[in-house]
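Asks: Handing you this structure, nothing more for now.
The values are calculated or read from the model by the stated rules, or taken from the named source; none is laboratory data. Keep in mind it's a predicted model, so treat the numbers as computed, not measured. Glycine also receives a Cβ, built like all others from the backbone with ideal geometry; neighbour counts cover every protein chain displayed. When the accessible area is computed, the model is the full protein with side chains, heavy atoms only, and any ligands, DNA or RNA have been set aside. Shrake-Rupley method; radii C 1.70, N 1.55, O 1.52, S 1.80 Å.
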Amino acid sequence: RIEANRVVSVPHNIKWCETETGRIDNFKIAAGLKEGEFKGIFFDDSDVYKIVEGFAYSLAAHPDAELEKKADEWIDYFEKAQEDDGYLMCYFSLVKPEEKWTNLAGMHELYCAGHMAEAAVAYKRATGKDAFLNVNRKFLDLICKRYGPNEGQLKNVPGHEEIELALVKMYQLT
């Protein structure tokens, strides 16, 4: 199954994200590297992160310079699409920037951040590289500033579990 993932699923997912769904184009557009409009479902960033996590597990089992180069290319798009304050979710950056953080229960911002964290941790463990980890830490720092028990912080919960698991993995790594 691991080999089938490496030789069939991983290349399929690359093609799917780069040519069929517009998911990678969303990051390029958000980064200002390409013209166009957001395509897909508002939480599509999470699927890209899950695929990079899959890249990481594949690389850990079977080093592959070309796959690592592809992952680094995508991670560079993430970094360039990230807003100055650390925010990173293509749908809100491109479609509804005024609605960021207004519907945590339904719009999956923390869910996407969680999948990004799990992927960043897996990629760091597989490659030793910090770039993706740094992008994610910047986003998690923003979340930690906004939400919490202290005066001036918002108190809210996500509508979909994910960030909780990811924060534990990030804590264990860092």
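Asks: For region 20-174, report the accessible area per residue in Å² (1.4 Å probe, heavy atoms, rounded to an integer).
Replies: On the way: 7640 Å² over 155 residues.
Per residue, region 20-174 has an accessible area of 49 Å².
Asks: Distance between Cα centroids, region 1-19 to region 58-135: provide it in whole Å.
Replies: Region 1-19 and region 58-135 have Cα centres separated by 19 Å.
Asks: Given Cβ point charges of +1 (Lys, Arg) and -1 (Asp, Glu) and nothing else, what value in debye, to the nearest 20, does the dipole of the chain about its Cα centre take? The partial results should precede the final answer.
Replies: Working: 22 positive and 30 negative charges, 63 e Å.
The dipole of the chain has a size of about 300 debye.
Asks: Now for a different question. What number comes out for the charge environment of Tyr123, summing +1 per Lys or Arg and -1 per Asp or Glu over other residues with Cβ under 15 Å away?
Replies: Local charge sum for Tyr123: -1.
Asks: Taking +1 at the Cβ of each Lys and Arg and -1 at the Cβ of each Asp and Glu, which of Ala120, Leu88, Ile75 sits farthest along the dipole of region 23-174 towards its positive end, judged by Cα position relative to the Cα centre?
Replies: Ranked along the dipole, the leading option is Ala120.
Asks: Per-residue HN-Hα couplings for region 11-21, Karplus 6.51 cos²θ - 1.76 cosθ + 1.60 at θ = phi - 60°, whole Hz, x for Gly and Pro?
Replies: x, 4, 5, 4, 4, 4, 6, 8, 10, 9, 10
Asks: Relative to the Cα centre, what is the charge dipole magnitude of region 20-73, using +1 at the beta carbon of each Lys and Arg, -1 at the beta carbon of each Asp and Glu, and rounding to the nearest 20 debye? Before the final figure, lay out the partial values.
Replies: Working: 7 positive and 13 negative charges, 12 e Å.
So the magnitude is around 60 debye.
Asks: Report the semi-axes of the equivalent ellipsoid for region 1-111 in whole Å, largest first, where each axis is √(5λ) for an eigenvalue λ of the Cα gyration tensor.
Replies: Numbers: eigenvalues 140, 42, 33 Å².
Listed largest to smallest, the semi-axes of region 1-111 are 26, 14, 13 Å.
Asks: How much net charge surrounds Tyr87 when only other residues with a Cβ under 15 Å from its Cβ are counted (Lys, Arg +1; Asp, Glu -1)? If you can, show how the numbers build up before the last one.
Replies: Values: positive: Lys80, Lys96, Lys100, Arg137, Lys138, Lys145, Arg146; negative: Asp45, Glu79, Glu83, Asp84, Asp85, Glu98, Glu99, Glu109, Asp141.
Neighbourhood net charge equals -2.
Asks: Could you tell me which helices of the chain pass both thresholds, a Cα extent of 18 Å or more along their own axis and a mean Kyte-Doolittle hydropathy of at least 1.0, with helices taken as whole DSSP H runs? It would help to have the intermediate numbers written out before the result.
Replies: Numbers: long enough: 44-61 (26 Å, 0.13); 65-81 (24 Å, -1.08); 109-127 (27 Å, 0.05); 131-146 (23 Å, 0.17).
Answer set is empty.
Asks: Whose amide H sits under 5 Å from the amide H of Tyr147, counting only residues 5 or more places off or on another chain, with H placed in the peptide plane?
Replies: For Tyr147, the qualifying residues are Leu154.
Asks: Pick out which of Met107, Met116, Met89 has the largest mean-square fluctuation in a Gaussian network model of the chain, springs linking Cα atoms closer than 10 Å.
Replies: Greatest mean-square fluctuation among the candidates belongs to Met107.
Asks: Which three numbers, in whole Å and largest first, are the semi-axes of the equivalent ellipsoid of region 65-159 derived from its Cα gyration tensor as √(5λ)?
Replies: Values: eigenvalues 133, 45, 26 Å².
Equivalent ellipsoid semi-axes, largest first: 26, 15, 11 Å.
Asks: Select from Lys145, Lys70, Lys50 the residue whose mean-square fluctuation is largest in a Gaussian network model of the chain (Cα-Cα springs shorter than 10 Å).
Replies: Lys145
Asks: Give the peptides 117-130, 158-171 in descending order of average Cβ contacts within 10 Å, highest first. Please list the in-between numbers first.
Replies: Numbers: 117-130: 20.9, 158-171: 16.4.
Final packing ranking: 117-130, 158-171.
Asks: When the helices in the chain are scored as -39500 (n - 2.57) per DSSP H run of 4 or longer and the sum is shared across all residues, what 222 nm value do you end up with, to the nearest 500 deg cm²/dmol?
Replies: Details: 9 runs with 104 residues, N = 174.
Rounded to the nearest 500, the figure is -18500 deg cm²/dmol.
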